[in-house]
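**Student:** This is the structure I want to talk about, given as structure tokens.
The values are calculated or read from the model by the stated rules, or taken from the named source; none is laboratory data. Predicted model only: the values in this text are computed from it and were never measured. No Cβ is skipped: glycine too gets one built from the backbone with ideal geometry, and neighbour counts run over all protein chains shown. The area values use the complete protein model at the heavy-atom level, side chains included, leaving out ligands, DNA and RNA. Shrake-Rupley method; radii C 1.70, N 1.55, O 1.52, S 1.80 Å.
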Amino acid sequence: QSFPLESVRDFLTSATVAQLLAQAVLDNPMFTARWRAVAAISLAIRRFRGGRRTPPYLLRMEAEDLVTAVFPDQLACLENIQGDREIPDHPLVRQAIDDCLREAMDIEGLEAVLRGIETGNIAVTARETVEPSPLAAEIVGARVYAFLDGAPLEERRVRAVSQRRWLDPKDAGDLARLDPEAIARVRREARPQPRDTEELLDALVTCGYLLATEIEPRWRPWLAALENEGRACRLGPRWIAAEHWPRWRAFTRDTPEPTPTLPPALANESWCAEDALTAVVRARLGITGPVTAAELAAQIGVGTAAVETALRRLEQEGGALAYDDGWCERGLLARIHRLTLARLRAEIEPVAAGRFLAFLTRWQHVHPDTRLHGPQALKAVLEQLEGFPAPAPAWEGRILPARLPDYDPAWLDRLCQSGRFVWACITPSGRRTPVAKLTIAFLPRRRLAAWIADPPTPTSPAAALVLETLEREGALFFDEIQAATRLLPAQLETALAELAALGQVSCDSFEGLRALLLPEARKRRYRRLLASLENAGRWQRLRPVGEVDDAVERRARALLRRYGVVFRALAARERAMPSWLELVRVYRRLEARGEIRGGRFVAGTFGEQFALPEAVTLLRRTQESATPSAAPGDPLQLAAAVLPGLAGAEKTAVPS
């Protein structure tokens with residue numbers, strides 16, 4: 001644009017906006033729909049014929065015939081109408097336009113905003129930004145039917161505009177900030193680099209002047225030669241081409257005569273002071289990049305007000321653009337914008353599968369540099385792995401020690417006994433499953449309702465008896481269950497193992513599952529299994545606590561916490577997760593709230609991708625490197641199996 005951005009504020013006024021909007025509505029399908037509704041409600045067109053409802057296409061035809069009779073200009077060709085359409089004083093027309101302005105739109109609110117701008121109660125600040133602001137992004141990305149004019153989709157969507165999809169309100173102020181590296185690069189490219197006397201003279205002619213501080217040592221002999229030949233001269237702290245001397249004489253006082261004397265054609269050249277200063281400023285802007293009026297005034301040796309006037313004239317011509325508190329030549333600013341956008345696009349370019357897996361090792365604290373320590377860290381690890389079904393022996397054998405080098409089984413027992421976490425089988429097969437192949441997950445007790453559905457019923461009489469006892473009596477210790485059911489210890493052990501595999505029961509601590517996992521050979525060798533079960537705490541029927549309305553959202557959030565970045569192939573491998581169609585609805589809603597980000601984060605994967613903001617930051621900082629080997633059943637092993645180019649590949653282990 002070549003006009004001050006502040007002038008946009010005065011494009012609309014509260015006194016005329018209603019008439020302008022009414023004229024715009026007449027060409028929009030909104031008026032057609034409202035007119036048809038008004039005509040039907042007022043019985044101007046017949047909704048029933050012969051006891052049957054009039055077909056919609058006949059209603060549209062009758063409504064069009066009616067508007068032709070009472071408001072012919074609405075359907076007339078605009079080439080045959082001079083100025084605005086004359087809206088007739090007809091009750092149906094008035095009602096249809098009123099419905100458009102007050103029901104479909106809020107004309108009173110718009111007029112109130114415009115009055116606030118006119119009175120100064122609402123401040124309007126104009127800013128040119130390198131990408132749309134949160135408000136402008138909604139307008140740029142709106143659907144076609146959101147606009148009153150009929151611009152084509154390719155113009156309205158502006159797909160070439162690169163924008164950050166998260167647009168955190170805290171970062172909105174950075175949208176108008178140019179990339180310092182882009183500014184420095186453009187300044188280096190625009191700065192003259194002459195190789196001989198003629199190229200130096202060409203630089204003086206092109207850029208208006210060069211400051212003495214900008215002169216490189218190797219240029220000084222060339223400047224001396226140009227000065228002796230009368231083709232360049234020095235004015236205070238700056239060097240100019242001799243042919244520009246008449247311009248400087250027009251707006252500066254006590255301008256010394258160049259030596260030797262100029263040719264008569266140049267000596268007699270006359271310039272208006274404003275035109276001369278504008279020409280000098282225009283030439284200088286071609287090599288400076290963003291600069292303030294005060295800086296230019298200090299370099300040229302004139303007042304700041306005179307330079308601002310010259311800059312405004314250049315803005316009207318389209319040669320310069322105001323940017324925040326500074327000014328920049330239009331072409332240079334466009335280059336800076338392109339470089340800035342290129343950097344922004346590079347920040348969100350999808351990463352390779354290997355880099356994403358390297359990120360996951362840090363995100364899940366498997367990398368040696370990010371491993372956690374202490375009992376408090378166990379809670380953070382279990383929260384991240386919430387709802388992940390893994391083989392029961394793998395939890396204490398590989399998964400937890402990989403993230404907690406100093407892992408102690410007593411930490412897990414205390415965490416379960418405190419009631420914070422519960423172990424449970426959330427993906428039961430419905431058949432008898434050997435305990436050694438049982439897959440369990442750790443769940444926060446307060447979120448059980450989001451994970452526990454309707455588990456299968458037991459098939460063996462002993463398991464059904466134990467489940468009935470727990471249902472009737474509540475949580476019981478091992479010896480209390482044995483006394484109530486009168487089962488043998490081995491029978492009770494088998495029944496509890498079956499109920500655990502069906503997702504029906506759990507234990508106060510992890511010690512109960514350890515006892516069930518004890519191999520048969522060790523059971524015969526050590527007669528202390530019953531003591532282990534007796535020390536495991538109470539066994540209880542798993543009961544969902546709380547509402548289950550947001551079960552899909554809670555599982556979707558758990559998946560995001562586990563991987564940081566979620567896509568379809570990864571979610572499909574999680575057996576406890578809903579379908580991707582259900583998950584993507586939740587993720588789109590969270591993205592609309594600004595809680596997560598959508599985009600393309602991992603290359604080579606299909607479908608939409610969503611990520612936590614902190615995960616995106618870590619993903620950009622992570623460099624692709626050798627990653628620790630993932631044990632079977634570990635979430636990292638699952639992720640490596642679905643990533644393109646890594647499925648079945650052997651990973652290099654990093655020594656801890």
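**Student:** What does the extension gain come out to for Q540 and E79, with contour length at 0.36 nm per residue minus their alpha carbon separation?
**Tutor:** 157.8 nm
**Student:** OK, next. Would you mind pulling out the separation of the Cα centroids of segment 285-303 and segment 432-453, in Å?
**Tutor:** 70
**Student:** What figure, in Å² to the nearest 10, do you get for the accessible area of R220 with a 1.4 Å probe and non-protein molecules left out?
**Tutor:** The accessible area of R220 comes to roughly 150 Å².
**Student:** Still on this structure, please answer the following. With every protein chain left in place and a probe of 1.4 Å, what is the accessible surface of E189, to the nearest 10 Å²?
**Tutor:** Here the residue's solvent-accessible area equals roughly 100 Å².
**Student:** Continuing with the same structure: Say each of R218 and A305 gets a label point 7 Å from the Cα, pointing the same way as Cα to Cβ; how far apart are those two points in nm?
**Tutor:** 4.6
**Student:** Amide H to amide H under 5 Å from A320: which residues, 5+ apart in sequence or cross-chain, H placed 1.01 Å off N in plane?
**Tutor:** So A320 has HN proximity to E315, R330.
**Student:** Just to make sure I understand: if all protein chains stay in place, what is the order of L467, L517 by accessible area at 1.4 Å, largest first?
**Tutor:** L517, L467
**Student:** Using only protein heavy atoms and a 1.4 Å probe, report how much of D202 is accessible, in Å² to the nearest 10.
**Tutor:** 90
**Student:** I need the calculated FRET efficiency for the pair A40 and M105, taking r as the beta carbon distance and R₀ as 25 Å, to the nearest 0.05.
**Tutor:** Given R0 = 25 Å and the Cβ-Cβ separation, E is 0.70.
**Student:** Place a point 7 Å from the Cα of K379 along the Cα-to-Cβ direction; which residues of segment 393-427 have their backbone N under 18 Å from it?
**Tutor:** Answer for segment 393-427: 404, 407-423.
**Student:** In addition: Count the net charge of all other residues whose Cβ sits under 12 Å from the Cβ of Q384, scoring Lys and Arg as +1 and Asp and Glu as -1.
**Tutor:** +3
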